[in-house]
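Structure record follows, encoded as structure tokens.
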Amino acid sequence: MLNGDICIVGTVRNGGEGFKRTLSKILRLDSSSGVSQVIITTNDNQDETDHLLKEAANQSDVFQIVRLDGLINAYKNRVERIAVARNFALEKILLSKHTPEYTIVMDLDGVNDEFDIVKARKIIEKSSLDWDAVTANQIEAYYDLYALRHPTWCPDDCWRELENAKRRRFFKKKNIRLLRDEYIHNRQFKIPEDHPWIEVESAFGGLAMYKTASLKGCWYSPRDSLGNLTCEHVVLHKQMIEKGGKIFIAPDLINKAPIEHLGPASGRKFDLSK
């Protein structure tokens with residue numbers, strides 16, 4: 001059983017229509033959801049995001065908005081800005097007078113605009129596995145290889161592998177398309193919802209639920225131990241794993257895959273033997 005309250009955390013900049021839909025979904029949550037806090041970090045918006053966040057905070061006393069204007073000038077790389085924003089939210093959770101039992105980190109760009117938190121709780125409750133983080137799957141194909149680390153499926157940064165391969169081969173559009181299929185889209189499997197949970201070293205997929213206690217002493221970073229730019233989730237999860245944490249993809253914990261992240265070769269049958 002998931003006995004305890006939940007904090008929802010997200011970061012947004014110029015969220016657009018996807019953010020508007022997701023925010024509306026969060027605002028409609030009632031007491032049965034178990035959500036006691038919503039923390040959203042934001043910075044340097046040029047659309048109506050600031051206005052929407054102000055309205056949300058006025059409508060619900062569980063909303064906390066953390067404004068970090070100026071990040072765009074302090075950090076030129078988007079991943080660096082996101083890592084800073086996520087760390088502000090994480091610190092706010094862990095230093096709060098009341099620490100929630102669970103923390104849901106979600107993307108706010110529209111991939112979770114139909115997310116059902118009550119259903120998610122039931123999915124996680126029925127598992128007998130010992131877990132510290134449970135992450136989402138998508139109907140169309142599992143898209144988030146940037147945050148994924150698995151010994152055979154995606155052991156390294158696939159985007160860095162792609163860039164290295166480009167340098168080794170003739171720089172033609174046809175070759176680039178084939179390389180993208182090889183390193184990215186061919187790994188974006190369609191995972192059946194009834195497949196057992198998949199243990200990974202890192203994953204996100206736009207949504208993850210954590211036992212908040214498992215996040216203590218961990219932080220996001222956009223750089224790996226060698227100083228290479230990498231996904232901020234990978235660094236956080238590496239710290240969790242080193243402390244004995246267990247991270248899973250739950251195939252029936254479903255949200256949406258951004259179409260722009262998929263390709264013609266995405267959606268192959270899930271098979272890690274090939």
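The values are calculated or read from the model by the stated rules, or taken from the named source; none is laboratory data. Keep in mind that this is a model prediction, so the values were computed, not measured. Note: ideal-geometry Cβ built from the backbone for every residue, glycine included; neighbour counts use all protein chains shown. To get the accessible areas, we keep the full protein, side chains included, count just its heavy atoms, and leave off ligands, DNA and RNA. Shrake-Rupley method; radii C 1.70, N 1.55, O 1.52, S 1.80 Å.
The set of residues in the stretch 159-188 that are closer than 21 Å to D271 by Cβ and either surrounded by 19 or more Cβ atoms within 10 Å (Cβ to Cβ) or of a type in the set (K, R) (or both) comprises R180, Y183, I184, H185, R187, Q188.
Annotation for the stretch 24-40: no member residue is farther than 26 Å from T212 by Cα and either open to solvent by less than 30 Å² (accessible area, probe 1.4 Å) or modelled with pLDDT of 95 or more (or both).
A residue that is small (G, A, S), open to solvent by 10 Å² or more (accessible area, probe 1.4 Å) and more than 28 Å from D252 (Cα to Cα) occurs somewhere in the stretch 94-109. Residues in the stretch 21-61 that are in a helix (DSSP H, G or I) and over 18 Å from the mean Cα position of the chain (by Cα): 16 in all. Name the single residue that is farthest from R223 (Cα to Cα) among those in the stretch 62-75 being open to solvent by 60 Å² or more (accessible area, probe 1.4 Å) and either among the aromatic types (F, W, Y) or assigned to a helix (DSSP H, G or I) (or both). Checking each candidate, the answer is N73. Scanning the stretch 212-251 for residues that are in a strand (DSSP E or B) and crowded, with 19+ Cβ neighbours inside 10 Å turns up I247, F248, I249, A250, P251. Of all the residues in the stretch 197-213, those that are of a type outside the set (D, E) and either out of contact with any helix residue (DSSP H, G or I) (no Cβ under 9 Å at 6 or more places or on another chain) or at pLDDT below 95 (or both) number 6.
Restricting attention to the stretch 87-118, the residues being farther than 25 Å from D30 by Cα and of a type in the set (D, E, K, R) number 1. With respect to the stated conditions, I191 fails to be open to solvent by 30 Å² or more (accessible area, probe 1.4 Å) and more than 19 Å from T103 (Cα to Cα). The C-beta contact set for the stretch 179-190 (first residue more than 13 Å from G205 (Cβ to Cβ), second residue among the β-branched types (V, I, T), distance under 9 angstrom, 6+ apart or interchain) comprises K190/I139.
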